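All remarks here apply to the structure that follows.
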Ligand code: ZN
């Protein structure tokens with residue numbers, strides 16, 4: 001591991017204590033082998049003059065909810081140092097009381113809650129304190145005779161603390177062990193199965209000492225040949241089984257989940273290890289990961305559903321083994337899976353959390369394999385992991401949980417998504433919690449949506465092979481499919497039947513009818529494995545009230561409506577609902593170019609303005625209105641409706 005310290009960057013604020021604190025915190029945060037997603041914390045001790053002109057010592061410590069990689073000065077909580085030091089002297093203190101009193105000792109009520117390791121930072125008598133959960137060091141401690149190995153590497157240069165639960169108990173333990181020692185003798189403090197602390201009055205020295213300590217551990221791993229060399233295996237893929245797995249885990253969760261498949265070389269190689277069931281189920285890399293990953297993954301065998309059910313049963317037994325009778329059992333669904341031959345899978349209600357789980361598991365499988373080379377991977381005893389998972393501060397969060405958006409964890413696919421109704425549907429579905437595959441023939445679709453939750457895919461829906469590839473890509477990224485909004489369409493040039501051009505006719509049928517059939521056919525196997533699956537077909541008012549000159553369009557849309565009605569009949573037994581929207585005169589779509597609008601208005605002998613609101617209610621219908629209806633149809637409002645046709649046209653006497 002290399003120091004990223006750059007004197008050119010620090011030169012301009014070399015006397016600004018806080019900016020230096022932010023700088024080295026970010027340096028630590030940038031290195032995923034040191035800290036992952038909210039892990040680790042840093043602090044700085046400063047003297048400030050208060051309102052009354054008195055000087056007081058403060059500890060600025062990382063606030064919870066902030067990541068070291070992106071932390072700013074506002075992410076540090078200023079706590080009175082003497083209060084923290086006195087807290088270390090208390091005989092007993094619950095973590096809830098600790099958090100409350102730390103908050104009360106802050107000089108800025110708007111700052112975030114201080115890290116639960118604040119007391120520990122306070123009692124280390126140096127200005128700058130850095131703490132990471134460095135993979136290399138933790139890996140070595142998570143093995144048979146881990147402590148011995150640490151002593152062998154560092155000798156008496158580091159202070160070694162046996163594992164204790166983070167929070168007050170850990171701070172107290174360190175306080176007692178170090179009351180009479182000279183901290184200056186030590187280069188670092190290593191908390192077994194947890195991480196490393198370094199400290200110095202100079203921020204650069206504290207930071208670089210962290211890099212040195214971790215580098216020594218990395219060198220040791222190299223010398224012991226504890227390096228993972230993944231074994232390449234033949235690529236395998238089973239997207240239906242992935243969707244089946246997602247459905248089974250979502251059922252136990254009682255809510256839709258994303259299933260993020262990681263089928264990289266490292267994951268597949270790990271999943272193929274002969275002893276994977278044994279080594280993957282010994283426990284997490286560090287106990288704080290348990291909040292996101294549970295103690296162990298589910299190991300998939302031949303019967304996915306059975307494996308997942310058994311996992312949830314054994315999770316409940318694990319809870320029963322350790323609960324004091326006062327705790328609330330967490331949902332027993334697994335957070336990740338090892339899928340032999342295929343890789344690993346992360347399950348989560350949102351994409352961001354799934355990515356966090358996937359990062360953590362990537363580091364965990366690496367550490368497990370290194371630990372095996374070092375004589376055997378050995379995580380903390382189950383009870384210690386349980387205590388972190390069921391920590392009082394975590395249990396309180398369960399009570400505070402609000403309700404989530406209606407489509408949270410759901411996977412949707414929308415065609416014709418670069419403009420008009422399709423684009424509006426993508427926005428509404430995403431805003432309501434879904435991840436969305438947005439398909440369009442316009443290549444700009446890949447960059448149209450900035451959110452990670454939207455996967456823009458260039459796809460000509462009249463090309464069956466392209467559709468199949470796009471659907472498969474969606475499953476590969478999100479693990480399944482629940483909502484299909486079949487929207488792509490075009491309005492061909494207006495021609496009476498007698499002068500209809502075969503090409504215009506065929507192109508309309510290909511896009512407005514046949515492409516929907518192919519898409520539906522390709523999606524049905526996945527929708528059958530979806531969570532409350534729903535299909536919304538965007539047809540047209542022309543089905544119910546056709547106009548002269550629009551046969552190519554109206555006939556295709558009438559066929560599409562009939563296709564949707566038959567789909568509703570055929571798919572009801574699989575729980576898939578199919579409903580139809582008949583929009584009319586949605587003028588902010590790609591169909592309605594200014595030329596088409598002018599032509600149609602002229603055809604009816606109207607001004608463009610009158611033509612836009614030529615309905616009973618005299619209202620203009622927008623893409624957003626149609627998207628709102630499509631989302632209602634995909635959601636619980638229409639959960640007991642299938643095969644319905646709903647016009648959204650401002651009221652049309654020919655339709656009514
Ligand atoms: Zn820690």
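The values are calculated or read from the model by the stated rules, or taken from the named source; none is laboratory data. Everything numeric in this text was worked out from a predicted model, so none of it was measured. In this analysis, Cβ positions are derived from the backbone assuming ideal geometry, glycine residues included, and neighbour counts consider all displayed protein chains.
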**Request:** Please determine, by comparing only the residues of segment 239-269 that are in contact with a strand residue (DSSP E or B) (Cβ under 7 Å, 6 or more places away or on another chain) and assigned to a helix (DSSP H, G or I), which one is nearest to residue 340 (Cα to Cα).
**Result:** 268
**Message:** For segment 540-555, check the following and say yes or no: at least one residue is surrounded by fewer than 23 Cβ atoms within 10 Å (Cβ to Cβ), at pLDDT 95 or above and under 40 Å from the mean Cα position of the chain (by Cα).
**Reply:** no
**Request:** Determine which member of the set 248, 233, 226 is away from the ligand (no atom under 16 Å from the Cβ), at pLDDT below 95 and over 26 Å from residue 378 (Cα atoms).
**Result:** 233
**Complete:** Selection over segment 593-619 where residues are in contact (Cβ under 8 Å) with a residue 24 or more places away in the chain and either in a loop (DSSP other than H, G, I, E, B) or in contact with a helix residue (DSSP H, G or I) (Cβ under 6 Å, 6 or more places away or on another chain) (or both) yields a count of 8
**Message:** Please verify whether residue 313 is in a loop (DSSP other than H, G, I, E, B), more than 16 Å from the ligand (Cβ to nearest atom), farther than 17 Å from residue 376 by Cα and over 21 Å from the mean Cα position of the chain (by Cα), treating the condition exactly as stated.
**Reply:** no
**Asked** Tally time: how many residues in segment 615-650 are more than 37 Å from the chain's Cα centre (by Cα) and under 23 Å from residue 487 (Cβ atoms)?
**Response** 5
**Item:** Residues of segment 5-35 satisfying the condition of being more than 16 Å from the ligand (Cβ to nearest atom) and closer than 30 Å to residue 367 by Cβ
**Value:** 5, 6, 21, 22, 23, 24, 26, 27, 30
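A quick yes/no check of all residues on (1) touching a residue at least 24 places away in the same chain (Cβ under 8 Å); (2) within 14 Å of the ligand (Cβ to nearest atom); (3) within 25 Å of residue 21 (Cα to Cα); (4) buried (at least 17 other Cβ atoms within 10 Å of the Cβ):
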position	(1), (2), (3), (4)
117	yes, yes, yes, yes
120	yes, yes, yes, yes
137	yes, yes, yes, yes
144	yes, no, no, no
150	yes, no, no, yes
154	yes, no, no, yes
163	yes, yes, no, yes
166	yes, yes, yes, yes
175	yes, no, yes, yes
**Request:** Name every residue in segment 199-225 that is in contact with a strand residue (DSSP E or B) (Cβ under 6 Å, 6 or more places away or on another chain) and under 23 Å from residue 143 (Cα atoms), in order of residue number.
**Result:** 210, 213
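Let's see how each residue does on (1) away from the ligand (no atom under 16 Å from the Cβ); (2) outside the structural domain of residue 247 (by TED's automatic domain parsing); (3) outside any helix (DSSP H, G or I):
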site: 284; (1), (2), (3): no, no, yes
site: 295; (1), (2), (3): yes, no, yes
site: 324; (1), (2), (3): yes, no, yes
site: 329; (1), (2), (3): yes, no, yes
site: 338; (1), (2), (3): yes, no, yes
site: 345; (1), (2), (3): yes, no, yes
site: 352; (1), (2), (3): yes, no, no
site: 363; (1), (2), (3): no, no, no
**Prompt:** Only one of (1) closer than 30 Å to residue 164 by Cβ; (2) surrounded by fewer than 21 Cβ atoms within 10 Å (Cβ to Cβ); (3) in contact (Cβ under 8 Å) with a residue 40 or more places away in the chain fails for residue 278. Which number is that?
**Reply:** (3)
**Prompt:** What residue, of 379, 337, 346, 354, is crowded, with 23+ Cβ neighbours inside 10 Å and at pLDDT below 95?
**Reply:** 379
**Message:** So, in segment 338-381, how many residues would count as being closer than 19 Å to residue 311 by Cβ and touching a strand residue (DSSP E or B) at 6+ places or on another chain (Cβ under 8 Å)?
**Reply:** 17
**Asked** Tell me, which residue of segment 563-614 that is within 30 Å of residue 442 (Cα to Cα), surrounded by fewer than 13 Cβ atoms within 10 Å (Cβ to Cβ) and within 43 Å of the chain's Cα centre (by Cα) is modelled with the highest pLDDT?
**Response** 594
**Request:** Could you pull out the residue among 38, 65, 53 that is exposed (fewer than 13 other Cβ atoms within 10 Å of the Cβ) and within 16 Å of the ligand (Cβ to nearest atom)?
**Result:** 65
**Request:** Tell me, please, whether a residue that is part of a loop (DSSP other than H, G, I, E, B), under 30 Å from residue 255 (Cα atoms) and in contact (Cβ under 8 Å) with a residue 40 or more places away in the chain can be found in segment 464-472.
**Result:** no
**Complete:** The one condition residue 204 fails out of (1) away from the ligand (no atom under 16 Å from the Cβ); (2) without any contact (Cβ under 8 Å) to a residue 12 or more places away in the chain; (3) assigned by TED's automatic domain parsing to the domain that holds residue 115 is (2)
**Prompt:** Quick one: how many residues across segment 57-74 are without any contact (Cβ under 8 Å) to a residue 40 or more places away in the chain and in contact with a strand residue (DSSP E or B) (Cβ under 8 Å, 6 or more places away or on another chain)?
**Reply:** 1
**Complete:** residue 95 vs (1) away from the ligand (no atom under 16 Å from the Cβ); (2) out of contact with any strand residue (DSSP E or B) (no Cβ under 8 Å at 6 or more places or on another chain); (3) in contact (Cβ under 8 Å) with a residue 60 or more places away in the chain: all pass except (1)
